[in-house]
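Contents: one structure, followed by commentary.
What follows draws every value from the coordinates through simple rules; no lab data is involved. Note that the coordinates shown come from a computational prediction; the quantities given were computed from them, not determined experimentally. A quick note on method: Cβ atoms are made from the backbone with ideal geometry, for glycine too, and the neighbour counts reach across all protein chains shown.
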Amino acid sequence: MIGDVPNVLKQLIIYNVSKKRNCSYCATAHGIFADSMSAMINEREDFKVTENLDSPEIPESYKVAIEVVTQAALDHQNISDKDFKKLKEVGSDLDEIQELMAQADLVNMLNTIADVSGIKIDNELLEATA
C-alpha cells in the first residue's frame, strides 16, 4: 500500500474494524500483518502491536487514527468536524486524513468480499502466527 500513512497503521485499522465487524478472515490476516510490523513501533521482540491497542507504546496519532477511522467505517453518519480536528491535532495533514478516510472504505470492501466469498483462513496464514 502506498501513501503517506504508515503501512503498520493501515494494517491496524483494517484489523480493528474487521475485529469489530466479526470478519474473522480479515481480522486474523491483517492482525498477522500488523504484528509482523510491530518493530516499527517497539523493538522489543515480544511486542505484538495487536495485543493492546491502548498500549502507551503506540503513538497517540495512531490511536486517534484507529479510533476515528473505525468510527468512519462502522458509523459514518456520526463523523463530524470534531473528528477531523482530532486527526489534525495529532499531526495528520489533509492528504493523510483523506488517505485515512479511504482506509475506512477499503476495510468495508475487504470485509464484504471476505464475508460474501466465505474465504477461510489457510494453513500458511495460520503457520505465520505460530
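Within the stretch 58-77, can you find the residues that are among the hydroxyl-bearing types (Ser, Thr, Tyr) and buried (at least 19 other Cβ atoms within 10 Å of the Cβ)? The answer is TYR62, THR70. Just the residues that are part of a loop (DSSP other than H, G, I, E, B), of a type in the set (D, E, K, R) and under 13 Å from the mean Cα position of the chain (by Cα), please, taken from the stretch 3-53. Correct list: ARG21 only.
Out of SER18, SER92, SER80, SER55, I need the residue that is surrounded by 16 or more Cβ atoms within 10 Å (Cβ to Cβ), of a type in the set (S, T, N, Q) and farther than 25 Å from VAL116 by Cα. Which one? Write out each step before concluding.
Numbers: SER18 fails: farther than 25 Å from VAL116 by Cα; SER80 fails: surrounded by 16 or more Cβ atoms within 10 Å (Cβ to Cβ); SER55 fails: surrounded by 16 or more Cβ atoms within 10 Å (Cβ to Cβ).
On inspection, the qualifying residue turns out to be SER92.
Residues in the stretch 54-90 that are assigned to a loop (DSSP other than H, G, I, E, B), over 14 Å from the mean Cα position of the chain (by Cα) and not β-branched (Val, Ile, Thr): SER55, PRO56, GLU57, ASP75, SER80.
Here is a yes/no grid of residues against (1) in contact with a His (Cβ under 9 Å, 6 or more places away or on another chain); (2) closer than 20 Å to ASN111 by Cβ; (3) without any contact (Cβ under 8 Å) to a residue 40 or more places away in the chain:
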| residue | (1), (2), (3) |
| --- | --- |
| GLN11 | yes, yes, yes |
| SER18 | yes, yes, no |
| CYS23 | no, yes, no |
| SER61 | no, no, yes |
